[in-house]
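The values are calculated or read from the model by the stated rules, or taken from the named source; none is laboratory data. What you see is a predicted model, and the numbers here were worked out from it, not measured in a lab. Heads up, the Cβs are rebuilt from the backbone with ideal geometry, glycines too, and the neighbour counts pull from every protein chain shown. In case anyone asks, the SASA skips ligands and DNA or RNA and just uses the protein heavy atoms, side chains included. Shrake-Rupley method; radii C 1.70, N 1.55, O 1.52, S 1.80 Å.
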Amino acid sequence: MRDAQGNLIAVVVVAIYVDHFADVFAEVADCPGGRALLWTTDGDVLVASTKPTEAPDWGDKLSARVRANPHGNVEILEGRTTRQISWQRSSRFPIAASASQDMENLSSGWRVRSLGILALAGVTLTGIFGLAVIAIRLQRANRAAACNTLLFRETHHRVKNSLQLVIGAI
């Protein structure tokens with residue numbers, strides 16, 4: 001650290017346990033294409049969960065965004081793929097942590113989940129439709145049974161009256 005005149009007044013040594021960092025960002029690192037970084041706001045990487053296959057050309061753009069905002073998300077083109085990058089900057093030190101994921105991997109998982117939900121919704125709607133059809137048919141059958149019961153009673157009443165007329169005539 002330097003004072004206002006530029007004289008060296010202290011040296012700050014920071015130790016980063018790579019194993020601890022890997023444990024904290026294990027979920028990101030386990031995802032295909034996932035990457036977690038701890039870096040200075042000047043763009044120097046301190047610790048990385050996985051190394052990029054090629055040096056990113058977006059480091060300066062992201063560093064400027066990180067310096068401007070303490071946290072955020074952005075999509076950045078890296079080679080032929082688009083990456084979703086989220087970051088959190090320290091309010092006290094010029095250090096930021098970021099996690100990024102290949103958008104193709106993110107969207108493929110989303111597609112699989114969406115298709116599963118769509119299939120479940122289709123089965124559910126088919127079941128509800130089937131139950132509605134059964135309920136309508138049951139209602140119609142109940143109406144027909146009530147109508148038949150009424151016809152049976154009316155027929156029984158008329159036969160009974162006709163028999164009484166015949167008995168009365170004899």
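If you take the residues in region 66-90 that are outside any strand (DSSP E or B) and on the phi < 0 side of the Ramachandran plot, which one is least open to solvent (accessible area, probe 1.4 Å)?
Here the answer is Val66.
Let's see how each residue does on (1) touching a residue at least 12 places away in the same chain (Cβ under 8 Å); (2) out of contact with any His (no Cβ under 7 Å at 6 or more places or on another chain); (3) under 24 Å from Pro32 (Cα atoms):
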| residue | (1), (2), (3) |
| --- | --- |
| Asp60 | yes, yes, no |
| Arg67 | yes, yes, no |
| Pro70 | yes, yes, no |
| Ser91 | yes, yes, no |
| Ala97 | yes, yes, yes |
| Asn105 | yes, yes, yes |
| Val112 | no, yes, yes |
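Does Ala144 qualify as being at negative phi and part of a helix (DSSP H, G or I)?
Taking the combined requirement at face value, the residue satisfies it.
Need the failing condition index for Ile134 against (1) in contact with a Cys (Cβ under 7 Å, 6 or more places away or on another chain); (2) modelled with pLDDT of 85 or more, just the number.
Here Ile134 clears every test but (1).
Hey, among Thr149, Thr126, which residue is in a helix (DSSP H, G or I), of a type in the set (S, T, N, Q) and over 27 Å from the mean Cα position of the chain (by Cα)?
Thr149
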